[in-house]
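Only one structure is covered here, and it is reproduced in the block below.
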Amino acid sequence: MPDLKVLLSRDQIAKRVAEMGEEIARDYRGQSIIFVGVLKGAAVFLSDLARHVPLDATFDFIGVSSYGNRPTPKEDPAGHAAWDSLGEVRVTKDMDNSLTDRHVILVEDILDTGLTLNYITKLVEAHQPKSLCIAALLDKPSRRKQPIKAKYIGFTIPDVYVVGYGLDYAERYRNLPDICVIENP
Ligand code: IMP
């Protein structure tokens, strides 16, 4: 049986997400924004975050997957195998809205190597938004392969594999209310 240990409780998450929302609301006061969530992991975070931003806002989503199979924590407990060197991303669901001349906030569950968001950032930039920034709930800076800066970060965490609050292991555990470290999956 996998061993799940709470790293960030639902209360800690709720408090921090509310703070992030307040920060965004201050920074974009008087403006309209579009949140673009990266499926599927960011769906839970986006829905909580957006409700703490009392501005004129719309949602969109982009779906991506990596070429080849990203190794699971079991196959690659240290998390440094093939994905790091392959790092190719493909779009499985494109955005529905035009982002041209809009204030875009890319919403991501976790920043790991940075490959996914680097790729998505370039895609969004091609739409010529008025502004573009990243809001990531979690950041694992020790795993970074490509430089990427998020304007809003919820928590910086060590190099561990986490599930819950939208994050999965083989599509499971997304519905856990806490963020947990998964061991022996
Ligand atoms: P990156 O391209 O390496 O930055 O990977 C970002 C994506 O990898 C995230 O959107 C997640 O889908 C996935 N990911 C990275 N670390 C974890 C983790 O600890 N748990 C669950 N998914 C993760």
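The values are calculated or read from the model by the stated rules, or taken from the named source; none is laboratory data. None of the values given here were measured: they were computed from a predicted structure. As a convention, Cβ positions derive from the backbone with ideal geometry for all residues, glycine included, and neighbour counts pool all protein chains shown. Side chains are part of the model used for accessible areas, which takes the heavy atoms of the whole protein and leaves out ligands, DNA and RNA. Shrake-Rupley method; radii C 1.70, N 1.55, O 1.52, S 1.80 Å.
So that you can scan it fast, the table gives a plain yes or no per residue for (1) closer than 22 Å to ILE24 by Cβ; (2) modelled with pLDDT under 95; (3) small (Gly, Ala, Ser); (4) within 12 Å of the ligand (Cβ to nearest atom):
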site	(1), (2), (3), (4)
VAL107	yes, no, no, yes
CYS133	yes, no, no, no
LEU137	yes, no, no, yes
ARG143	no, yes, no, yes
TYR152	yes, no, no, no
ASP159	no, yes, no, yes
VAL162	no, no, no, yes
Item to complete: Scan the range 94-116 residue by residue and report those that are in contact with a strand residue (DSSP E or B) (Cβ under 6 Å, 6 or more places away or on another chain) and under 22 Å from GLY154 (Cα atoms).
Response: HIS103, VAL104, ILE105, LEU106, VAL107, GLU108, ASP109, ILE110, LEU111, THR116
Fill in: Within the range 28-42, tally of residues that are open to solvent by 40 Å² or more (accessible area, probe 1.4 Å) and touching a residue at least 40 places away in the same chain (Cβ under 8 Å)
4
Response to the item:
Reported set for the range 164-179 where residues are within 10 Å of the ligand (Cβ to nearest atom), open to solvent by less than 40 Å² (accessible area, probe 1.4 Å) and touching a Gly at 6+ places or on another chain (Cβ under 8 Å) is GLY166, LEU167, ASP168, TYR173, ILE179
Response to the item:
If we keep only residues of the range 60-79 that are within 21 Å of ALA136 (Cα to Cα) and surrounded by fewer than 16 Cβ atoms within 10 Å (Cβ to Cβ), then the residue modelled with the highest pLDDT is GLY63
Worksheet item: Taking into account only those residues within the range 131-144 that are open to solvent by 30 Å² or more (accessible area, probe 1.4 Å) and over 22 Å from VAL163 (Cβ atoms), which is nearest to the chain's Cα centre (by Cα)?
Response: LEU132
Worksheet item: Which number in (1) within 12 Å of the ligand (Cβ to nearest atom); (2) at pLDDT 95 or above; (3) open to solvent by 60 Å² or more (accessible area, probe 1.4 Å) marks the one condition that LEU86 misses?
Response: (2)
